[in-house]
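Structure, as structure tokens:
Derivation of every value follows stated rules applied to the coordinates shown; laboratory data play no part. Quantities reported herein were computed from a predicted structural model and do not represent experimental measurements. We place every Cβ from the backbone using ideal geometry, glycine too, and count neighbours over all the protein chains shown.
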Amino acid sequence: MEFDKMLKTIDRVMEIVKQTHIQGQKEYAHDTENVFANFERVASNLNVSREKALLVYLLKHVDGICSYVDGHKMQRDSFKGRLTDAIVYLCLLWAMDDENMRSNEFIDKVAEEDAKT
């Protein structure tokens, strides 16, 4: 595949990923303000981090992707649907890390200010 065609593929995939995230937000999060709500509910129920809860969902799709690559073509979920969901979960994990980093930066800043006084 040519480089320009790959960039167009990435653009097309990311648009599908956005739409899947929007649908998933309505279906699973049940909260328009907190995109992590369902992972936080599951994490609380299982006494694990929201990142680990997300990882379980991601690994379900990775397992299905591995089965597909190994030749098991007939699955309940489509192969590209699994790929899309995996990308959505990876984006959510990215966002969780961003939020954690901002929180840690805030905590560090407050600690620095406290140390000055």
| request: Enumerate the helices in the chain for which the Kyte-Doolittle hydropathy averages 0.0 or more and the C-alpha atoms extend at least 18 Å along the helix's axis, using complete DSSP H runs. | output: 50-69
| note | With T = 10 °C, eta = 1.306 mPa s and Kirkwood Rh from C-alpha pairs, the Stokes-Einstein D of the chain in µm²/s is about 96 µm²/s
| FRET E, pair F79, N104, Förster distance 35 Å, beta-carbon r, rounded to 0.05 | 0.40
| What order, most packed first, do the peptides 84-90, 46-52, 69-75 have when packing is the mean number of other Cβ atoms within 10 Å of each residue? | 84-90, 46-52, 69-75
